[in-house]
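Every number in this text was worked out from the coordinates using simple rules, so none of it is lab data. None of the values given here were measured: they were computed from a predicted structure. Quick reminder, even Gly has a Cβ in these numbers, built from the backbone with ideal geometry, and neighbours come from all protein chains shown.
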Amino acid sequence: MDNAKDDLKSMPMAEVEKKLGSSEDGLSQAEAEKRLAQYGPNEIAEKKKQSVSEIPLLFLGPDTLDDRSGSDPLGSCTALA
């Protein structure tokens, strides 16, 4: 994909417009509607925000959250207490 970007950077503007199916004036209304139907709106998806209650889970490892072995989730640390 980087090669495609580099190719566009090095091309004359007229060639870039032709390759992208555009023009100096932008897309025609018909082409814009066609692309909207084909690709959807040009929007950045919002990232899911973590709730305050999920933050402690960031500090726990997957073994702690899914301990099906029946062992103590703190492992050998309890022997030191």
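Just add up the charged neighbours of GLY21: K/R +1, D/E -1, any other residue whose Cβ is under 14 Å from the Cβ of GLY21. Result for the neighbourhood of GLY21: -2.
Here the residues VAL52, VAL16, ranked from fewest to most Cβ neighbours within 10 Å of their Cβ, fall in the order VAL52, VAL16. In terms of surrounding Cβ atoms within a 10 Å radius of their Cβ, LYS9, LYS19 rank from fewest to most as LYS9, LYS19. With R₀ fixed at 35 Å, the C-beta to C-beta distance from LEU58 to ASP25 puts the FRET efficiency at about 0.10.
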